[in-house]
Every structure is written in structure tokens, then in C-alpha cells.
Amino acid sequence: MKPVAFVLMMSCPLLIGMTESASAACVDSAPSATAKANCLVSPGAIVESSLVDLRPTQPSLGFDELHYRLGRFEFGKDKINKRFDDWCESSGLGGAESANAQSRLSDAASFTCKIKVGAETKASMEPMKTVVVGPRGQLYLTDGHHTLTSFMEAKDGGPQTIVRLRVTHQFGNLDETAFWDEMKKARLVWLRDSEDRDITPAQLPTNLGLKNFGDDKYRSIFYFGRDIGFKQLSDNAAFQEFYYGSWLRKHPTLKLDQYKIHTLEGYLALLKDVTQALVALPDDAIVSDGVTAKALGRMAQWNGGAPETG
């Protein structure tokens, strides 16, 4: 795979679209050939980008999730290391098929995925990370901050690692003010810091990388609550776990200081109580900012109806 920031998959025209007429303002102001090409892609397109060229749309991460991912990368005993599986899955290529001791995350040609480029399916594209094209052809990451930051921090990853992303919106024709207005209207940006305080778009990080983000412990809790209390699907509201984190911060009885969260037993007890309270919400319950439990993937049964184990 060539290290370029976009790919026009002519062998799969249903996946890649080009606007019939590009926004002259976007193209004229784009600082590079890659950015100019971004001005031309339509929603539904698959693009390639180096990690360093992506702009975040949230100010914090759940560091517990990041450390878990990096621990799996370093010490995991999976047949194929999780970092390759994560790269393939998040690229719409169905998971890793093969890798060896010489494989590197920063070199996609050094490992193989189950699905070849151009043969993606609707199901394989479901877990793809997503971007919006903004002014001057800049790509703004709207889903995948944790996954792609883990690639950035991996020993064999780094800022030049190439990833494949699905475009959801083309806003390249807008100026900065109108762009952020549209992003807020479409709920494609999270403008609260790790303490749930309001921020402005100018206060967002300009690059991926652990050092650029705050640590939101509430966000981490809901990463570990996936498929126990809620599902993460492509049609759910973006920033799912942040909405749930805001809800938990304001919960009248569930308080973090009531649990010994620095022990495994204490963290699991918190996770169980939180996800059971989440499942107990009705579909139309407002979780945060007017977004309902149904829109945020709340499960009808705790743990999918399966018995508690472990």
C-alpha cells in the first residue's frame, strides 16, 4: 500500500465517489495535492491518510482504554497480534489474516488482511473509523481517536502510519465558522474537556498522540461496558461513551469514590452496577444533551441476556 493520503479505488466504484464539481474555494485553498483530492471526495468514499495529517474532534481520551490496547499490543498472546487485527478491522478489511516477526504496523504491506482492498462489504465497513472533510481539504477524525492513537503510540507505529477511513460528510466548501457550526449541529465534535467543562473548537488538539489529550476516566468505563450495557453501531450517535460519561457524572447514586476502582474487583463491581443502571433506562430516556438511550445503543438486556461469568 503506497503511503499517500487518499486512494481512489477505481476497481470498486460503489465505495468511492467523486463530486461532479469540486468546490473551487476548497481546492484553491488546499495546501497540497492530497488536500485538493480530499476536496473532491463524496460521503461514502474511502480515503487513506497518515496519522499525523488527521485532526481530532475531541479533547480527551480514556487512558485506561489506551493502556489496555497498548498492553495487548506489547504482551498479548493472540495468534496474530491485536494491533494488526485492529488495523485491518478499522480499515474495512475484516481483521488480520497473517503477520510474522518482521511485520510492522507502519508498513501495511508486511501483513495481510482477510479482505482485499476493493472487496469490502457493507458488513466489513461497519467498524471503519470515520472522517469529515473540512476547509482546505483537512480531514477531521470523528470516530477512532482511541484506536488510531494506539497506532500512533505503538512501537512499530508512529505518526507516518497510514490508515484507511470512511468519509461521512463533505464540508470542504465551508469557511471555518460555518464548518464548526455544521459540526456542532450534526454532533460531530465533542466540546467538553476531561472534567466535562465546555471548550471551544480552538482548544481541541491539533494532532493525535497521547500527550495531546486529557484523561477522562468516565469515558474509559464505558469502553469496558461495550456489549454489556450498550452496543456500538455505525448508526449510533458519535461520541457515544462521552454522553454516557456525562450521564454517570450526574447519576444520583453511582459515585466512583464508592468503589475501589484501583482493584480489579472494585472496577468490575462498578462496571456491573453502571451497565445494569444503563440497561434499566427506557429507550426515550435522555442520557445527555438531548440524546436518548436508544440513539446511544442501550441494550435491552444486560450482557445480552447471557449469565454473568468470571
(message) Suppose R0 equals 25 Å. What FRET efficiency, 1/(1 + (r/R0)^6) with r the Cβ-Cβ distance, do LEU264 and ASP78 give to the nearest 0.05?
(response) 0.75
(message) Could you derive backbone 3J(HN,Hα) for the range 36-53 from the dihedral phi with the Karplus parameters 6.51, -1.76 and 1.60 (θ = phi - 60°), listing whole Hz in sequence and x where the residue is Gly or Pro?
(response) 4, 5, 4, 4, 9, 6, 9, x, x, 5, 9, 10, 10, 8, 6, 4, 5, 8
(request) Any chance you could get the radius of gyration and Dmax over the Cα atoms of the range 157-270, in Å? (result) 16.9, 52
(request) Using a 1.4 angstrom probe, figure out how much accessible area the range 179-292 has per residue, in square angstrom, rounded to the nearest whole. (result) 50
(message) Could you report the range 56-176's accessible area per residue, 1.4 Å probe, as an integer in Å²?
(response) 40
(message) Keeping all protein chains in place and using 1.4 angstrom, which order do TYR68, TYR218 fall into by accessible surface area, from largest down?
(response) TYR68, TYR218
(message) Using +1 at the C-beta of Lys and Arg and -1 at the C-beta of Asp and Glu, which of PRO205, VAL189, GLY144 has the Cα lying farthest in the positive direction of the dipole of the range 110-220?
(response) GLY144
(message) Can you compute the helix-only [θ] at 222 nm over the chain? Use -39500 (n - 2.57) per DSSP H run of at least 4 residues, normalise by all residues, nearest 500 deg cm²/dmol.
(response) -8500 deg cm²/dmol
(request) Show THR130, THR253, THR263 ordered by accessible area, largest first, where the area counts protein heavy atoms only and the probe is 1.4 Å. (result) THR253, THR263, THR130
(message) For the chain, set up a GNM with springs between Cα atoms under 10 Å and report which of PRO252, PRO56, PRO31 has the largest fluctuation.
(response) PRO252
(message) Show me the helices of the chain, taken as full DSSP H stretches, that run 18 Å or more along their long axis by Cα and average -1.0 or above in Kyte-Doolittle hydropathy.
(response) 264-279
(request) Taking DSSP loops as anything outside H, G, I, E and B, show the longest stretch in the chain free of GluC sites (Glu not before Pro) there with at most 11 other beta carbons within 10 Å. (result) 21-194
(request) Calculate, for LYS231 and ASP156, the FRET efficiency according to 1/(1 + (r/R0)^6) with r their C-beta to C-beta distance and R0 30 Å; round to the nearest 0.05. (result) 0.45
(message) Tell me the accessible surface of LYS116 in square angstrom (1.4 angstrom probe, heavy atoms of protein chains only), to the nearest ten.
(response) 120
(request) Only bridges with both residues in the chain count here: give the DSSP antiparallel percent, nearest 5. (result) 65
(request) Quick one: which residues, 5 or more positions from THR142 or on another chain, have an amide H under 5 Å from its amide H? H modelled 1.01 Å from N in the peptide plane, none for Pro or chain starts. (result) THR130, VAL131, VAL132
(request) Take the Cα radius of gyration of the range 71-179 and divide it by 2.2 N^0.38 Å, with N its residue count; two decimals is plenty. (result) 1.16
(request) Taking all protein chains together and a probe of 1.4 Å, list ASP273, ASP175 from the most accessible to the least accessible. (result) ASP175, ASP273
(message) Amide H of SER60 versus every other amide H placed in the peptide plane: which residues, excluding those fewer than 5 positions away on the same chain, fall under 5 Å?
(response) GLY214
(request) Taking every Cα atom in the chain, find the radius of gyration and the maximum pairwise distance Dmax, and write them in Å. (result) 19.6, 58
(request) State the percentage of accessible surface on the chain attributable to carbon and sulfur atoms; use a 1.4 Å probe and exclude ligands, DNA and RNA. (result) 53
(message) Rounded to the nearest angstrom and ordered from largest down, what semi-axes does the equivalent ellipsoid of the range 34-107 get from its C-alpha gyration tensor (root of 5λ)?
(response) 27, 18, 11
(message) Using 0.36 nm times the number of residues separating ILE199 and HIS67, minus their current alpha carbon distance, what extension gain do you get?
(response) 45.0 nm
(message) List the residues, sorted by chain then number, that are 5 or more residues from PHE230 or on another chain and whose placed amide H is less than 5 Å from its amide H.
(response) MET299
(message) Springs between alpha-carbon pairs under 10 angstrom, Gaussian network model over the chain: which of LEU281, LEU70, LEU204 fluctuates most?
(response) LEU281
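The values are calculated or read from the model by the stated rules, or taken from the named source; none is laboratory data. Given the structure is predicted, the values throughout are model-derived calculations rather than measurements. In this analysis, Cβ positions are derived from the backbone assuming ideal geometry, glycine residues included, and neighbour counts consider all displayed protein chains. What goes into the accessible areas is simple: the full protein's heavy atoms, side chains included, and nothing from ligands, DNA or RNA. Shrake-Rupley method; radii C 1.70, N 1.55, O 1.52, S 1.80 Å.
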